[in-house]
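Inspection log for the structure reproduced underneath, given as structure tokens.
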Amino acid sequence: MEQNAIGKLIIVSGPSGAGKGTICAELMRQMPDLVMSCSVTTRAPRPNERKDRSYFFVSNETFLEMVRKNELLEYDQHFENYYGTPKKFVEDMLSYGKDVILEIDVKGALQVKQNYPDSILFFIEAPSEQALYERLIKRGSESEDKIQIRMARNKLELAQRYKYDYCILNDDVDRAVGEIIQILKERRI
């Protein structure tokens, strides 16, 4: 099947608790032509996550084999687990002219932008550090120690936001999603 148009990568990232997943879900609901990439991870599923929908959950050995075979667009290890984006699915969707959303961390986003300079990067920010902390507590999926590790990493990620095409304040999901949709429309997506 030949396509005239090549799809675009839409990358959404930011600190833990900024609301990336909520924003991506709403973008998918309002823009049904978008395709969501599913990341691969070595961490255990959270109670509300479904296998092969939220993430592909794999062993460390399987993940490292994917790295060895160059099957990932980007990958990183943090919070004692590996995370990455399977390359084949994304490249197939782009070749079919589909626009693909990647919900990935800051390091991965910047890796992808190097290889796909036409990618559109959105950095999602919470209204405050306290709001990030409260959102992580509300998840109920991690100990206080793990939350503190995430909060420390959040500061490092926030320092990278100037490298993004757009910074979106997630103080209201509907407003934030509306802002992203308007930007995508203006950029022809």
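The values are calculated or read from the model by the stated rules, or taken from the named source; none is laboratory data. Remember, it's a predicted structure, so these values are computed and weren't measured experimentally. Every residue, glycine as well, gets a Cβ built from its backbone with ideal geometry; the counts of neighbours run over all protein chains shown.
Structure notes:
- Residues of region 180-189 satisfying the condition of being without any contact (Cβ under 8 Å) to a residue 12 or more places away in the chain and in a helix (DSSP H, G or I): GLN182, LYS185, GLU186
- Residues that are among the small types (Gly, Ala, Ser) and under 17 Å from the mean Cα position of the chain (by Cα) were ranked within region 24-49; the one that is nearest to GLY7 (Cα to Cα) is SER37.
- Selection count where residues are within 22 Å of ILE181 (Cβ to Cβ) and of a type in the set (Gly, Ala, Ser), scope region 16-43: 5
- Test: residue in region 158-174 that is over 16 Å from the mean Cα position of the chain (by Cα), within 26 Å of PHE57 (Cβ to Cβ), touching a residue at least 40 places away in the same chain (Cβ under 8 Å) and surrounded by fewer than 21 Cβ atoms within 10 Å (Cβ to Cβ): no
- Pick from region 1-56, criterion loosely packed, with under 13 Cβ neighbours inside 10 Å and touching a Gly at 6+ places or on another chain (Cβ under 7 Å), ranking: modelled with the lowest pLDDT: GLN3
- Residue that is farthest from LYS98 (Cα to Cα), among those in region 117-134 that are within 17 Å of the chain's Cα centre (by Cα), surrounded by 16 or more Cβ atoms within 10 Å (Cβ to Cβ) and of a type outside the set (A, V, I, L, M, F, W, C): GLU125
- Segments classed as strands (runs of 3 or more DSSP E), wholly inside region 6-90, with at least 1 members that are of a type outside the set (Lys, Arg) and out of contact with any Leu (no Cβ under 8 Å at 6 or more places or on another chain): 39-41, 55-57, 72-78, 81-86
- Region 95-170 holds helices (runs of 4 or more DSSP H) entirely within its bounds, and those carrying 1 or more residues that are in contact with a Pro (Cβ under 7 Å, 6 or more places away or on another chain) map to 129-139, 144-158.
- Which listed residue is modelled with pLDDT under 90 and within 20 Å of VAL40 (Cα to Cα), from ASP145, ASP92, ASP105: ASP105
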